[in-house]
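**Q** Dropping a structure here in structure tokens format, bear with me for questions.
The values are calculated or read from the model by the stated rules, or taken from the named source; none is laboratory data. What you are looking at is a predicted structure, and each value in this text was computed from that prediction instead of being measured. Note that we place each Cβ from the backbone using ideal geometry, even for glycine, and neighbour counts take in every protein chain shown.
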Amino acid sequence: MRIFETAFPDPPAEDLRATMAANPPSPRRAGFLSTAKLYAHGAAEAFAETLWPTRCAVCDEPGEVLCARCSLDLPHIDWWRACPRCGAPFGRVQCSECNDVMLAASGRDRLPFDGCASAAAYDDATARIVRTWKDAGERRLADAMAALMAPLVPPSWLAGSPAVVPVPATSAARRKRGFDHIDELSRAVAERLGLAVAPLLAPPHAHDQRALARRGRLENMQGRFAPLPGASAPSSAIIVDDVCTTGATLFAASDAVRAAGARTVFCLTFARVW
Ligand SMILES: [Zn+2]
Ligand SMILES: [Zn+2]
């Protein structure tokens, strides 16, 4: 090892950079290199696909991250029957979730957002999709979820050219997963709707919500979101999150987006517990 190092010493990094800057690859060579990279990437993907075939997050059949049958069988929330204000699945005529009594129990006299919609009810299948996406790192599911969420956005939401605002993950969650899952979901939704993404909110320091009951969740999240320093709020926003459990996160995020200056705030999630 020492012999090779002595015989062929590495050129100093500065020399290498200077040589490369003085001799950039010709356009043909650059084209060849990028094509070779593409083929190498394709070959690596094909190899990985042979060893670990893509499987449906729900039924585990090989093929797609979410197969057409499972996608169709999800407990879709019918937009025409759901409450247009809070998104409850059967509240279009009379909503049991956002009436005065329920709001008073949350310590509010009105909803902090102007509309809310979710693609599907939270059941075993939707839970598996969310777990496979967030915890098992199947990031391609973000687009499959966005494909079910984007069609729920009515024209009235789009009238003010809203920006998509992701509910930020806590710094601990981002570190654990290695990516900000809601940011990716928001980008997939925004792309399908032709909207911009506005990462307006700073990561919260809230404690884990999972062990808390509704009232506890609402109190735990109260005032947990704040705008990032220097970020300006769009006049209209669609806040995106993966699951609406009690509404506590969406309430807190909506408060912050509104306080930052947005006049119209909507919320869109993939799944909803009811
Ligand atoms: Zn399936
Ligand atoms: Zn409602």
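**Q** Of all residues in region 116-139 being touching a Leu at 6+ places or on another chain (Cβ under 9 Å) and outside any helix (DSSP H, G or I), which is farthest from Cys67 (Cα to Cα)?
**A** Looking at residues that are touching a Leu at 6+ places or on another chain (Cβ under 9 Å) and outside any helix (DSSP H, G or I), I get Cys116.
**Q** Turning to a different aspect of this structure: Regarding Ala142, is this residue free of Cβ contacts under 8 Å to residues at least 24 places away in the same chain and of a type in the set (Gly, Ala, Ser)?
**A** So Ala142 fails the test.
**Q** Turning to a different aspect of this structure: Restricting attention to region 112-120, does a residue exist that is away from ligand 2 (no atom under 16 Å from the Cβ) and within 23 Å of Asp242 (Cα to Cα)?
**A** yes
**Q** Hey, does region 152-172 have a residue that's among the aliphatic types (A, V, I, L, M) and touching a Lys or Arg at 6+ places or on another chain (Cβ under 7 Å)?
**A** No, region 152-172 contains no residue that is among the aliphatic types (A, V, I, L, M) and touching a Lys or Arg at 6+ places or on another chain (Cβ under 7 Å).
**Q** Limited to region 90-111, what total is found for residues that are within 10 Å of ligand 2 (Cβ to nearest atom) and in a loop (DSSP other than H, G, I, E, B)?
**A** Selection size over region 90-111: 10.
**Q** Quick check: anything in region 74-90 crowded, with 19+ Cβ neighbours inside 10 Å, within 16 Å of ligand 1 (Cβ to nearest atom), hydrophobic (A, V, I, L, M, F, W, C) and more than 22 Å from Val257 (Cβ to Cβ)?
**A** yes
**Q** Further question: For region 246-274, how many residues are free of Cβ contacts under 8 Å to residues at least 40 places away in the same chain and on the phi > 0 side of the Ramachandran plot?
**A** Within region 246-274, residues that are free of Cβ contacts under 8 Å to residues at least 40 places away in the same chain and on the phi > 0 side of the Ramachandran plot number 1.
**Q** Identify, please: which residue in region 14-56 is out of contact with any Cys (no Cβ under 8 Å at 6 or more places or on another chain) and within 16 Å of ligand 1 (Cβ to nearest atom) and is, among those, modelled with the lowest pLDDT?
**A** Taking the candidates together, the pick is Pro53.
**Q** Could you check, for region 173-185, whether at least one of its residues is part of a helix (DSSP H, G or I), within 16 Å of the chain's Cα centre (by Cα), surrounded by 20 or more Cβ atoms within 10 Å (Cβ to Cβ) and modelled with pLDDT of 95 or more?
**A** Within region 173-185, one or more residues are part of a helix (DSSP H, G or I), within 16 Å of the chain's Cα centre (by Cα), surrounded by 20 or more Cβ atoms within 10 Å (Cβ to Cβ) and modelled with pLDDT of 95 or more.
**Q** I'd like to check something: does region 119-130 contain any residue that is in contact with a Phe, Trp or Tyr (Cβ under 9 Å, 6 or more places away or on another chain), crowded, with 16+ Cβ neighbours inside 10 Å and closer than 16 Å to Phe266 by Cα?
**A** yes
**Q** On to the next question. Ala146: crowded, with 20+ Cβ neighbours inside 10 Å, aliphatic (A, V, I, L, M) and in contact with a Leu (Cβ under 7 Å, 6 or more places away or on another chain), yes or no?
**A** Spelling it out, Ala146 is indeed crowded, with 20+ Cβ neighbours inside 10 Å, aliphatic (A, V, I, L, M) and in contact with a Leu (Cβ under 7 Å, 6 or more places away or on another chain).
**Q** Here's something else I'd like to know. Give the residue, chosen from Ala150, Ala120, that is within 16 Å of ligand 1 (Cβ to nearest atom) and under 21 Å from Ile238 (Cα atoms).
**A** Ala120
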